[in-house]
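The values are calculated or read from the model by the stated rules, or taken from the named source; none is laboratory data. Just so we're clear, the structure is a prediction, and the values are computed from it rather than from any experiment. Here the Cβ positions follow ideal geometry from the backbone for every residue, glycine too, while neighbour counts run over all protein chains shown.
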Amino acid sequence: HVPRDQYAFSTEENSYMSRGDAFEEGMRLFQEGQVAAAILAFEAAIQQAQRAAETGQGSEEEVSEAWRMLGQAHAEQDEDRKAITCLEKSVEIDPYNLEALLALGVSYVNELDSFRALKTLKAWLEHNPAYHGLEFKEDEYSDGTLMDEVTQLMLQAAAWGRDAGAAGDADVQVVLGVLFNVSRNFEGAAEAFQTAAEARPGDYSLWNKLGATRANSQRSEEALPAYHKALMLRPRYARGWLNLGISHANLGRNPAAARCYLAALRLNPQATHIWNYLRMVFTNMERYDLVQKAATQNPEAFLDEFPPIPDGNAGFDELLTAPLS
């Protein structure tokens, strides 16, 4: 068992260690959705960048950025604990790595660590030159909590962005969405993520966050179109398929949920917690033979009854019209 603040590098032979462009290759693989391979490339890039920094041939910023991308890759695979370890290392090396701070805040929320999330999101604002000079002003409505302070600062930042004619800085809207999720103001969170997604319509992670927020407020049916958008933009998105499966399960569409979970497991066999979701779905279907079969932890063993989901809208339509059972 590896302590939370230590990262366990892969023990398999890593062919990217011998490449001088491991980071660039990791970025290419990540963009293509080959996330498991990208993780190996980023692991190699970190070890190379650390050695280069130690000998004065590279910068700490490069090490920080490699840790950030490794963290993002693990988050993409629904592995928030590993993501947190990587992102903590990234901001420890470079406290001004704004993308790492924002991603870390999101992962803390996913792990229900709201205190660390708030501290990290406050640091994101304090280290962001775009909002230099913002300060918290207590008024009669302030309740003295860190949540209140960070929310007030973010609302000021959003107003500042609007006044400056900026497109309501999408990142500020993301932070507001995260904060409202922490305080269980799901309506405010959905509005913030919707604004962010409209400002950056090609960002699949924003559509996923919008879907998850709707699902958190028991609006699973409304979550589906947002998840569909995320998966259209990034078909090889394990976290997106898992979330889509959870919404189908909440709506009683167990066979559709099973196919989504299996899609996520094919993309990331390491995400063994997804087998628990699958066993629940099979139990709801009263298919105890499939519950037993799940013990093999082999997604390919289910292809006869749960074929892969076709690409694009045809696949989503097939899931929506699948029988309830």
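Conditions (1) surrounded by fewer than 24 Cβ atoms within 10 Å (Cβ to Cβ); (2) over 24 Å from ALA73 (Cα atoms), marked per residue:
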{"site": "ALA196", "(1), (2)": "no, no"}
{"site": "GLY202", "(1), (2)": "yes, no"}
{"site": "SER220", "(1), (2)": "yes, yes"}
{"site": "ASN250", "(1), (2)": "yes, yes"}
{"site": "PRO255", "(1), (2)": "yes, yes"}
Report task. Quick one: which residue in GLU32, GLU43, GLU25 is touching a helix residue (DSSP H, G or I) at 6+ places or on another chain (Cβ under 9 Å), surrounded by 15 or more Cβ atoms within 10 Å (Cβ to Cβ), closer than 22 Å to TYR204 by Cα and of a type outside the set (A, V, I, L, M)? Result -> GLU25
Report summary line: Of the residues in the stretch 257-291 that are more than 19 Å from PRO310 (Cβ to Cβ) and of a type in the set (Phe, Trp, Tyr), the one that is surrounded by the fewest Cβ atoms within 10 Å (Cβ to Cβ) is TYR288
Query raised in the report: Does LEU242 meet the test of being at pLDDT below 95, in contact with a helix residue (DSSP H, G or I) (Cβ under 8 Å, 6 or more places away or on another chain) and not charged (D, E, K, R)?
Result: no
Query raised in the report: Quick one: in the stretch 93-140, which of the residues that are of a type outside the set (A, V, I, L, M, F, W, C), in contact with an Asp or Glu (Cβ under 6 Å, 6 or more places away or on another chain) and not in a loop (DSSP other than H, G, I, E, B) is modelled with the highest pLDDT?
Result: SER107
Query raised in the report: Going by the conditions given, is ARG51 under 26 Å from ARG236 (Cβ atoms), in a helix (DSSP H, G or I) and not small (Gly, Ala, Ser)?
Result: no
Report task. Can you confirm whether the stretch 312-321 contains a residue that is assigned to a helix (DSSP H, G or I), hydrophobic (A, V, I, L, M, F, W, C) and modelled with pLDDT of 95 or more? Result -> no
Report task. May I ask you to list the residues in the stretch 292-319 that are surrounded by 11 or more Cβ atoms within 10 Å (Cβ to Cβ), under 23 Å from ALA223 (Cα atoms) and aliphatic (A, V, I, L, M)? Result -> ILE309, LEU319
Query raised in the report: Taking GLU191, is it at pLDDT 95 or above and either surrounded by fewer than 23 Cβ atoms within 10 Å (Cβ to Cβ) or β-branched (Val, Ile, Thr) (or both)?
Result: yes
Report task. Output the residues belonging to the stretch 257-311 that are under 20 Å from GLN77 (Cβ atoms) and polar (S, T, N, Q). Result -> ASN268, GLN270, THR272, ASN276, GLN297, ASN298
Requested in this report: Would you point out the residue of the stretch 98-118, among those that are of a type in the set (Gly, Ala, Ser) and farther than 19 Å from LEU242 by Cβ, that is surrounded by the fewest Cβ atoms within 10 Å (Cβ to Cβ)?
Outcome: SER114
Query raised in the report: In the stretch 245-284, what residues are in a helix (DSSP H, G or I) and in contact (Cβ under 8 Å) with a residue 60 or more places away in the chain?
Result: HIS248, ASN254, PRO255, ALA256, ARG259, ALA264, LEU267, ILE274
